[in-house]
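The values are calculated or read from the model by the stated rules, or taken from the named source; none is laboratory data. This one's a predicted model, so the numbers in the text were calculated from it and none came from an experiment. Neighbour counts run over all protein chains shown; Cβ positions are idealised from the backbone, glycine included. Side chains are part of the model used for accessible areas, which takes the heavy atoms of the whole protein and leaves out ligands, DNA and RNA. Shrake-Rupley method; radii C 1.70, N 1.55, O 1.52, S 1.80 Å.
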Amino acid sequence: MQKDTAKLGERLAFFAGLGVVGFIVVDTTLRRIADPRALLRLPRFFALMDFRPEGALLLLALMWIAFLSWRARRFPEDGRARAFLRASWLFLGVWLVYLLSAYLVALQWDTSKSKPYFPELAAAFLQGRTYIEPTGSTSDLTFYNGHWYVAFPPLAALLMLPRVALSGPDAVNSVRFSAAYGALNVALVYLMAEGLRRRKLIPLDSRGSYWLAALFGFGTVHWYLALPGSVWFVSQILAVTFSLLAAVALLETGSLPLASAALGVAMLARPNVVFLWPFLLGLHGSLKSLNRTNFLRASLRPALLALIPIGLVVAGLMFYNYIRFDNLLEFGYRTMNVGAYLKADLAAYGQFNLHFLPRNFDAMLLSLPRWDAACGFFVPDPLGMSILLTTPALILLYRARPSSTWSGAAWISILLLLAPLLLYFNTGSAQFGYRFQLDLIVPILCLLALAFGERVSAAARLLIWAGVLVNYLGVLWFLAGVCR
């Protein structure tokens, strides 16, 4: 009886997925037929190999896949080679879907619809300055001592430096830049799940790693965040990239200093991800089979060593603040050129205050879509919408009890990351869902992998498909302007 019920559940999940995919394909096709201008530009989509960065990236990816395929055949017992091979194919597939989403759904291909600023900042670095000379909009910039500054930390600009040095800032396409790193994030989620499986930290089967990657790539706000290429979202995507790299590096090598170095790079995009460090420390303890009694004593030396790269990054960010704003602790957010309602809050309460707790809590967990009579459908609040609606699978986290060193540390990191977000003056406005959710997505995904058990149940698959459908509607609403 239980076997028949499980089979029925699997069939329901399969047909639910088929229905979601069918809806997305038909809906997207009809929308493009309704806008024939998109089809006229379609041949430009395939111009990937005309010496653009995307062409070089595609060539490198194919060479990497060829090498991994050879190694997997030569050494069939090498499970890592097979995992990296599958992750590489996953990267290419998701990259294509993200590019198609940006082009066919959002009608964005040549550039971001909003200023990315980071290419200009990279050009400024090459000229020996830290301010930019904006043309047109100065939204989300900070004015100080007669110059405009990009308050956001500089990782995106640093990664764009080679391209800007070769061809200038106008040659950088922030949409495709963001889509590439977004696709890499999905592949890294798969590798992280496989690493947890190989290390016997979760009981999940191999198919569960694919489900976790699909959940992250299309069942969370990551899908739409990877597409616009705007200044706010690029930093968020890159912070996720290097946070995931930290976890993957630790699972692959067991080196806490290496993982901390990757986390330090992530801090150059969003400094608050430093609170992921307890999770990395707990994961390192589980890899070393440390229990709660000997964890602190045995972890002291590697922990101190691992704090060195994070300390260097903190010092670098403080120096960067000083040469811009003559203050080691000033990032420029307090005087940023933001919307009127945010300026009023900043002036009255500062950047962090208990006054913002109810609003942030509502945006993160309670806010629901409202009925729009003109559109004839439900529309989200642009100030935020419950993460339980955008990612319904999160309700399964109740199963992930802190029963091990790493799972307990994961919950600690989540709580530490939530503290500043709940007190922050901005909910992440002009968004679909709650985009700051990505700051804590790494421990959340690991806990979900634990919560799935030995296999992803039919109920969990239905929740994942529901998230995919919701986030597709979010892509349409946020990027294509449907019902906005």
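Odds and ends about this structure:
- Per residue, the average separation of C-alpha pairs within less than 8 Å and at least 6 apart gives the stretch 406-469 a relative contact order of 34 percent.
- Accessible surface of residue 387 - all protein chains present, 1.4 Å probe, nearest 10 Å²: 20 Å²
- Charge tally for residue 276 (other residues, Cβ to Cβ under 13 Å; Lys, Arg +1; Asp, Glu -1): 0.
- Solvent exposure of the stretch 211-256 amounts to 12 Å² per residue of accessible area, where only protein heavy atoms count and the probe is 1.4 Å.
- Within the assembled protein chains, the solvent-accessible surface assigned to residue 375 is about 50 Å², based on a 1.4 Å probe.
- Note on exposure: 64, 371, 95 ranked by accessible area (1.4 Å probe, complete protein assembly) read 371, 64, 95, with the most exposed listed first.
- Label positions at residue 305 and residue 12, each projected 7 Å from the Cα along the C-beta direction, are separated by 5.2 nm.
- Neighbours of residue 332 by Cβ distance under 12 Å: Lys/Arg scored +1, Asp/Glu scored -1, total -1.
- Under the span-like rule (Cα at least 20 Å along the axis, Kyte-Doolittle mean at least 1.6), DSSP H helices of the chain: 231-253, 405-423, 458-479
- The region of the chain that goes longest without hitting one of the GluC sites (Glu not before Pro) in a DSSP loop, each with at most 13 other Cβ atoms within 10 Å, is 78-453.
- To put it simply, the accessible area of the stretch 219-276 at a 1.4 Å probe is 83 percent carbon and sulfur.
- A 1.4 Å probe over all protein chains sorts 98, 181 by accessible area into 181, 98, starting with the largest.
- Cβ-derived FRET efficiency at R0 35 Å, residue 96 paired with residue 395, nearest 0.05: 0.70
- Note on the stretch 351-484: with neighbouring protein chains present and a 1.4 Å probe, carbon and sulfur make up 70 percent of its accessible heavy-atom surface.
- Applying a DSSP loop filter and a limit of 16 other Cβ atoms within 10 Å to the trypsin sites (Lys or Arg not before Pro) in the stretch 129-214 leaves 129, 199, 200.
- Using heavy atoms of the protein chains and a probe of 1.4 Å, the accessible area assigned to residue 381 is about 60 Å².
- Amide H contacts of residue 143 (H built 1.01 Å from N, in plane; Pro and chain starts excluded): 149, 337 sit under 5 Å, all sequence-distant by 5 or more or on other chains.
- Rel. contact order, % - alpha carbon contacts under 8 angstrom, at least six apart, the chain: 19 percent
- Within the chain, the percentage of alpha carbon pairs spaced more than 34 angstrom apart rounds to 35%.
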